[in-house]
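Everything below concerns the one structure shown next.
The values are calculated or read from the model by the stated rules, or taken from the named source; none is laboratory data. Treat the numbers as computed from the prediction; the structure is a model and nothing was measured. Neighbour counts are summed over all protein chains in view; Cβ atoms, including those assigned to glycine, are modelled from backbone coordinates with ideal geometry.
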Amino acid sequence: MAQVNVNVPPPNHVKVLGGQGWIGLVDQMGTETTIVNAARVSFGKMKEEMDERDAGLIRYLLANHHTSPLEHVTFTFLVHCPLFVRSQWHRHRTWSYNEISRRYTEEDIRFYVPVELREQAESDRQASKAAEHIDQAACLEKIRRIHAEAMRTYEELLAAGVCREQARGVLPQNMMTTFWATVDLNNLLKFIELRDSPHAQAEIREYGMAIKQMIAPSFPHVAAAMGWQ
């Protein structure tokens, strides 16, 4: 069977970051019926289809933080993002990750160029705000220029015989990476709460919104209870 380039998005994906990044749902186990059946197993009950009473149970579970039934639903995503987004994502240690390694391949290296640059917020060292005084064209050209220089240096180091695991050190935080990420629904909701928030960095927030877009059609009662719709 032919192998597929991991940097090619799967059919079920959402583009983000002006089309430079994307996230795709590659596997899923469980449905909303799984949630209610897990919740009712104490009573020896099981159903095959949802009804309004089941929808009410989902609302009750979420409102009262009875989250263990959600852990029987899992998702696997394929994520294409800049390294700095990856670093924030991996802070969520309840996920399982496997990532492309630049120790093993130097193929298909790309760099993220922001669609628009932001200014530092005065009141919050972590936050940014819409730019009022930045020369967008000049600053974006500086970013592109350093990307090109870093790539030239990387290729020169490889040509000089330097190993990939050391040569990759010159590649910037804007380098795109791709990783598999698997999580249960309970911890996915916690991720979305933090990362689709006004306090989150704008770039990772786009991925949080994309995840909601992908899973809401299959989990409409969860989406409604969480206020996504």
Test result for residue 26, farther than 30 Å from residue 117 by Cα, modelled with pLDDT of 95 or more and out of contact with any Asp or Glu (no Cβ under 8 Å at 6 or more places or on another chain): yes
Just the residues that are among the small types (Gly, Ala, Ser) and in a helix (DSSP H, G or I), please, taken from region 145-168. 148, 150, 159, 167
Can you go through 206, 193 and tell me which one is at pLDDT 95 or above and surrounded by fewer than 19 Cβ atoms within 10 Å (Cβ to Cβ)? 193
Can you tell me which residue is farthest from residue 13 (Cα to Cα) among those in region 179-228 that are part of a loop (DSSP other than H, G, I, E, B) and touching a strand residue (DSSP E or B) at 6+ places or on another chain (Cβ under 9 Å)? 201
Picked from region 37-70 (must be β-branched (Val, Ile, Thr) and in a helix (DSSP H, G or I)), the residue surrounded by the fewest Cβ atoms within 10 Å (Cβ to Cβ) is 41
From the options 34, 94, 76, residue that is at pLDDT 95 or above, in a loop (DSSP other than H, G, I, E, B) and more than 30 Å from residue 149 (Cα to Cα): 94
By residue number, the members of region 57-94 that are among the aromatic types (Phe, Trp, Tyr) and under 21 Å from residue 216 (Cα atoms) are 60, 75, 77, 89
Check off (1) of a type in the set (A, V, I, L, M); (2) surrounded by fewer than 13 Cβ atoms within 10 Å (Cβ to Cβ); (3) in contact with a Ser or Thr (Cβ under 9 Å, 6 or more places away or on another chain); (4) touching a residue at least 12 places away in the same chain (Cβ under 8 Å) for residue 130 and give me the number that stays unchecked. (3)
Within region 121-151, track down each residue that is closer than 22 Å to residue 176 by Cα and among the hydrophobic types (A, V, I, L, M, F, W, C). 137, 139, 140, 143, 146, 148, 150, 151
